[in-house]
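The values are calculated or read from the model by the stated rules, or taken from the named source; none is laboratory data. Small disclaimer: the values here were computed from a predicted structure and weren't measured. All Cβ positions, even for glycine, are placed from backbone atoms using ideal geometry, and neighbour counts span all protein chains on display. In case anyone asks, the SASA skips ligands and DNA or RNA and just uses the protein heavy atoms, side chains included. Shrake-Rupley method; radii C 1.70, N 1.55, O 1.52, S 1.80 Å.
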Amino acid sequence: MQLIDGKAIAAQIKKEIAEEVTIIKANGGKTPHLVAVLVGHDGGSETYVSNKVRTCEEVGFKSTLIRYESDVTEEEILACVEKLNKDADVDGFIVQLPLPKHISEEKVIEAIDYRKDVDGFHPINVGRMSIGLPCFVSATPAGIVELLKRYNIPTQGKNCVVLGRSNIVGKPIAGLMMQKGYPGDATVTVCHSRTPNIKEICLEADIIIAAMGVPEFLKGDMVKEGVTVIDVGTTRVPSTETKSGFKLKGDVAFDEVVAKAGFITPVPGGVGPMTIISLMRNTLLAGKKEIYK
Ligand code: GUN
C-alpha cells in the first residue's frame, strides 16, 4: 500500500509556482492577482478563503479579499462581479460558495467573465472541459488528476467508479477520467444516492473516487485488493481532540480500506491541499493569459 501524500505534492507544486512567479517578476511581468469575494461569516468559507489568500502570498501573487455581510443584495454582488470583470489588474476571481439563499449562485457564476473564472465553474469552462478544449478546470478535479499523474497511477482501460454526481466534483472528474489520454481512458461508472447496487459496482473498481459527502461511506468489504482510493470527503464532525472543536472525516472508512488498497489518500492531507494549489495554478495561467488571450 502506498499513501498518496497530497500535502507533500501540494508543497512541491507550490514551490514550482513560486519559482515561476519569481521569474515573471524578475522579467518585469505582471504579478498574478487573485480576488476572493466572501459573503457572510460561515466558518468553513472563512477558513477556505483565508487559506486561499495566505497561499497567494506564499507563492508571490497579489490577492484581495472583498467581504460583504450576508444581507447584501444580489444586485450588489452582480455589480461587484461586473467591476471585477472590467478591472484589468484582476487576473482571476472567485465568489466563495455557498451564497445566502436570496442570491442565485447560478446567476452570479454566469455573470463572471469566463476568462477570469479561475474556479472553473462558468458553463463555458465546464462545457469546454467536457469536450477536451483548453479551459479552467475546477480545483478539486484538477487536484485529483494531478495526484494520479504524480504517482503514475495507471488509468487506461481501468474501471473507475465515481461516488457522487455534484457539479463541482462528481460530474467533472467523471468527464476527465473518461477523456482520451492520460490520466483518462478509463471506463467510468458514476454512482449516486439513487444507485441500488453500489457495493457490487465498487467491488469491480480499480479506482474509486469518493465524493458523496457521507462520512466513512466506503467500507472495507466494498473494495477489491489493490484498488486506488481517492477520498474527496471533508465532512466536519465535532471532536474533543482538536483545538478547533471539529475534525474532518472523509467518505472512506480509512482503517478498513487501507488494508486492501494499492494507493489511498488520507483525510486530511490528501485531496484537500491539492485544491488550493489547483486554484493557484489556474490563477498563474490566467495571469499569463495562457488559456484565454
Ligand atoms: N465552496 C466550496 N468549495 C469551493 C470552491 O472551490 N470555490 C468556491 N468559489 N466556493 C467553494
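For the stretch 222-237, the criterion of being of a type in the set (Ser, Thr, Tyr), more than 16 Å from the ligand (Cβ to nearest atom) and under 18 Å from Glu146 (Cβ atoms) is satisfied by at least one residue.
Assess whether Gly245 counts as being modelled with pLDDT under 95 and on the phi > 0 side of the Ramachandran plot. Yes: the conditions hold for Gly245.
Here is a yes/no grid of residues against (1) open to solvent by 60 Å² or more (accessible area, probe 1.4 Å); (2) farther than 19 Å from Ser278 by Cβ:
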{"site": "Gly43", "(1), (2)": "no, yes"}
{"site": "Val49", "(1), (2)": "no, no"}
{"site": "Glu58", "(1), (2)": "yes, no"}
{"site": "Glu69", "(1), (2)": "yes, yes"}
{"site": "Glu76", "(1), (2)": "yes, yes"}
{"site": "Val81", "(1), (2)": "no, yes"}
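Pairing each residue of the stretch 80-96 that is at pLDDT 95 or above with any residue that is more than 16 Å from the ligand (Cβ to nearest atom), provided the two are 6+ apart or on different chains, yields C-beta distances under 6 Å for Asp89/His33; Val90/His33; Asp91/Pro32; Asp91/His33; Asp91/Gly287.
The test for being small (Gly, Ala, Ser), assigned to a loop (DSSP other than H, G, I, E, B) and closer than 24 Å to Ile4 by Cβ holds for Gly184.
The listed residues are Val53, Val126, Val137, Val118, and the only one of them that is hydrophobic (A, V, I, L, M, F, W, C), in a loop (DSSP other than H, G, I, E, B) and open to solvent by 10 Å² or more (accessible area, probe 1.4 Å) turns out to be Val137. The set of residues from the stretch 148-184 being under 20 Å from Thr234 (Cβ atoms), in contact with a Phe, Trp or Tyr (Cβ under 9 Å, 6 or more places away or on another chain) and more than 15 Å from the ligand (Cβ to nearest atom) comprises Leu148, Leu163.
It is to be established whether one or more residues within the stretch 35-45 are of a type outside the set (Val, Ile, Thr), more than 13 Å from the ligand (Cβ to nearest atom), more than 16 Å from the chain's Cα centre (by Cα) and assigned to a helix (DSSP H, G or I). Checking the stretch 35-45: not a single residue is of a type outside the set (Val, Ile, Thr), more than 13 Å from the ligand (Cβ to nearest atom), more than 16 Å from the chain's Cα centre (by Cα) and assigned to a helix (DSSP H, G or I).
The single condition among (1) modelled with pLDDT under 95; (2) out of contact with any Pro (no Cβ under 8 Å at 6 or more places or on another chain) that Asp42 does not satisfy is (2). Checking each residue in the stretch 242-269 for being in a loop (DSSP other than H, G, I, E, B), crowded, with 21+ Cβ neighbours inside 10 Å and touching a Lys or Arg at 6+ places or on another chain (Cβ under 9 Å) picks out only Val267.
The set of residues from the stretch 144-192 being among the small types (Gly, Ala, Ser) and under 19 Å from Gly132 (Cβ atoms) comprises Gly157, Gly170, Ala174, Gly175, Gly181, Gly184, Ala186.
In the set (1) within 16 Å of the ligand (Cβ to nearest atom); (2) in contact (Cβ under 8 Å) with a residue 60 or more places away in the chain, Pro123 fails one condition alone, (2). All but one of (1) assigned to a helix (DSSP H, G or I); (2) within 16 Å of the ligand (Cβ to nearest atom); (3) more than 16 Å from Asp113 (Cβ to Cβ); (4) open to solvent by less than 10 Å² (accessible area, probe 1.4 Å) hold for Ile13; state the number of the condition that does not hold. Of (1) assigned to a helix (DSSP H, G or I); (2) within 16 Å of the ligand (Cβ to nearest atom); (3) more than 16 Å from Asp113 (Cβ to Cβ); (4) open to solvent by less than 10 Å² (accessible area, probe 1.4 Å), only one is false for Ile13: (2).
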